[in-house]
Amino acid sequence: MHSGPDQPRRRRFDRVRRWRDRIRARPATLRVYRLVVGALGLLVVALGLVLVPFPGPGWLVVIAGLALLGTEFESARRLTRFTQRQVRAWTHWVGRQPIPVRILVGMAALAATVIVAIGALALTELPDWVPNPVSKWLGAGAVRYDQAVRTGTGTAGQAPGD
């Protein structure tokens, strides 16, 4: 038996492995377990894909969802490994480029983020914290949240149920 700082971690993994072995020993429980893992994994992947265009960990959430799916589904495990290899290759490629190329890549990512954010604000009700000049610049289609609540209108000035 090993001793040292890894011992509690090893016991925890052994406990999880025994729990999963008990689940796999019962076919009906295994089907329900795989259904729940599949649903949660797909939900996390979908959330990550929604977050991809925005600043933050969109791709990290997608990879986490694939890893969750990969705990029960071999195809998801292969897709997770492929995705990790592609992200690693992209990161190394960008890291090997001269500074002007890195700056250009960063500016392109920032521009894409700004375009998505402006599009999202133009298509939805604007929160109260968006300054009035911005809402005027986005045009008549943008409805401020406080105006929509006060007048009972929805997105783009439509009444609920229209």
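The values are calculated or read from the model by the stated rules, or taken from the named source; none is laboratory data. Note that the structure is predicted; figures quoted are calculated from it, not measured. Glycine also receives a Cβ, built like all others from the backbone with ideal geometry; neighbour counts cover every protein chain displayed.
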Can you find a residue that is free of Cβ contacts under 8 Å to residues at least 24 places away in the same chain, surrounded by fewer than 13 Cβ atoms within 10 Å (Cβ to Cβ) and not in a helix (DSSP H, G or I) anywhere in region 23-36? yes
Can you work out which of the residues in region 70-110 that are modelled with pLDDT under 90 and of a type in the set (Ser, Thr, Tyr) is farthest from PRO53 (Cα to Cα)? THR71
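Yes/no per residue for (1) among the β-branched types (Val, Ile, Thr); (2) touching a residue at least 60 places away in the same chain (Cβ under 8 Å); (3) in a helix (DSSP H, G or I):
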residue	(1), (2), (3)
GLU72	no, no, no
THR91	yes, no, yes
MET107	no, no, yes
VAL116	yes, yes, yes
LEU121	no, no, yes
